[in-house]
Each structure stands twice: as structure tokens, then as C-alpha cells.
Amino acid sequence: MLSDLGTLAEEYFRKEFNCAEALSNAVAEKCHIESRSIPHIATPFGGGIGGKGSLCGCLTGGIMGIGLLYGRSDPEEMERKKLSYEKAKLYYDKFVEKFGSPNCIDLCGVDISTQEGMDRFHNEGLRENCAEFVRGAGNLLSKIL
């Protein structure tokens, strides 16, 4: 069911969704979860949370995807909470193992919170590197979900 999650996430990314939107949208689509709120919720997580270079949107978007499938809606659902935490921790650890860092600034190689960094990001085609992170993170996430 989720075998091509990385490809779908990359397709969203290439349509100009940010990394967090791309991953969370892909999970929702593959799992037939209909919600127009998903990209809205994910939008500010792109670029390492509001473009600050912090946690990569591929990481936060994937964790949102885990929440979509395993999160709880009732505080009494402790097993769902436990399972979602376990999957989020596993995804985080595997992400860092695969890519070397959880942070956008490290993965991009530039500080996109500055105008100079953003100019380099666009002028040097660094967004293409992010497409590879989106695809790779989606493939990694599909194994965890």
C-alpha cells in the first residue's frame, strides 16, 4: 500500500508543496484520509519550521503522517499514544541515521533563514537536493508505517 510513498511525496514536492506538506499529503492520499486541513497544518513546518533551518520538514511532515495513522483522538487511548511515540522515535532515529542530521540547515548546506542563504538555495539548485530527501524520507517512512 505504501511502497511508492516516496515517489508520491516527491511528486507533491515538485508541484511546489514544501517538504512537510509533501510528506503529510502523500501519507494522507495513500491511506485514503481526506482532509483539506493537512497541508494547512503542515505549511509552517517547511524549511525547518518557518524557514528557520531547524527540524527538517521531511522529518516533521513524516511525523504528522504517523499521527494521521496512529495518533489518538481520546486522551484515554494510551496504547495509540504509545504506538505513535514508538513509530515517531523510530522514524526520527532512522532519518538521522540515513541523512546524518535532523536539521534543515545541515541537510541544505545553507542557512535559508537569511536572504543570502535563500538566494544560494534557489540559484544553486539546492531545492533539487531536497527533492531527494523528500523521496528518501517517504521511502523510509513507508517501512515504518
Local electrostatic count at Val110 - Lys and Arg +1, Asp and Glu -1, tallied over other residues with Cβ under 12 Å:
-3
Got a sec? How would Val110, Val96, Val134, Val27 order by Cβ neighbour count within 10 Å, fewest to most?
Val96, Val110, Val27, Val134
If Lys and Arg each add +1 and Asp and Glu each add -1, what is the summed charge of the other residues whose beta carbon sits under 10 Å from the beta carbon of Leu83?
+2
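Full extension from Glu132 to Thr43: what is 0.36 nm times the residue separation minus their Cα-Cα distance, to one decimal in nm? Intermediate results must be reported in sequence, preceding the final value.
Values: separation 89, 0.36 × 89 = 32.04 nm, distance 1.92 nm.
That pair, Glu132 and Thr43, stretches by 30.1 nm at full extension.
Would you mind ranking Leu59, Leu90 so that the residue whose beta carbon has the fewest other beta carbons within 10 Å leads the list?
On the way: Leu59 29, Leu90 14.
If I rank by nearby Cβ atoms, fewest first, I get Leu90, Leu59.
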Choice from Asn25, Asn129, Asn103 with maximal GNM fluctuation in the chain (Cα, 10 Å cutoff)
Asn129
Partners for Lys143 among lysines (Cα-Cα distance below 17 Å; same-chain residues under 8 apart left out):
Lys30, Lys87, Lys89, Lys94, Lys98
Given the candidates Gly125, Met78, Ser142, the one whose Cα lies deepest towards the positive end of the charge dipole of the chain, counting +1 at each Lys or Arg C-beta and -1 at each Asp or Glu C-beta, is Met78
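Please order Glu21, Glu29, Glu76 by the number of other Cβ within 10 Å, starting at the fewest.
Details: Glu21 26, Glu29 16, Glu76 8.
The fewest-first ordering by Cβ neighbours comes to Glu76, Glu29, Glu21.
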When the dipole is taken about the Cα centre of segment 5-144, and only Lys, Arg (+1) and Asp, Glu (-1) are charged at their Cβ, what size is it in debye, to the nearest 20?
320 debye
What is the pair-distance distribution P(r) of segment 1-65, computed from all Cα-Cα distances in 5 Å bins starting at 0, with each bin given as a whole percent?
4, 22, 32, 26, 12, 4, 0
Taking the chain and counting helices only, DSSP H stretches of n ≥ 4 at -39,500 (n - 2.57) each over all residues, the nearest-500 ellipticity at 222 nm comes to -20500 deg cm²/dmol
Angle between the Cα long axis of helix 127-144 and the longest principal axis of the chain, 0 to 90 degrees, nearest 10?
20 degrees
Quick one: Karplus J couplings for segment 90-97, per residue in order, coefficients 6.51, -1.76, 1.60, θ = phi - 60°, nearest Hz, x for Gly and Pro?
4, 4, 4, 4, 5, 4, 5, 4
Local electrostatic count, Arg36, Cβ distance below 15 Å [Lys/Arg +1, Asp/Glu -1]:
-3
Two-site FRET efficiency, Ser113 against Met78, from Cβ-Cβ distance with R₀ of 35 Å, rounded to 0.05
0.40
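Quick note: the coordinates plus some simple rules give every number you see, no bench work behind them. Quick caveat: nothing in here was measured; it's all calculated off a predicted structure. Here Cβ is always computed from backbone atoms with ideal geometry, including for glycine, and neighbour counts include all displayed protein chains.
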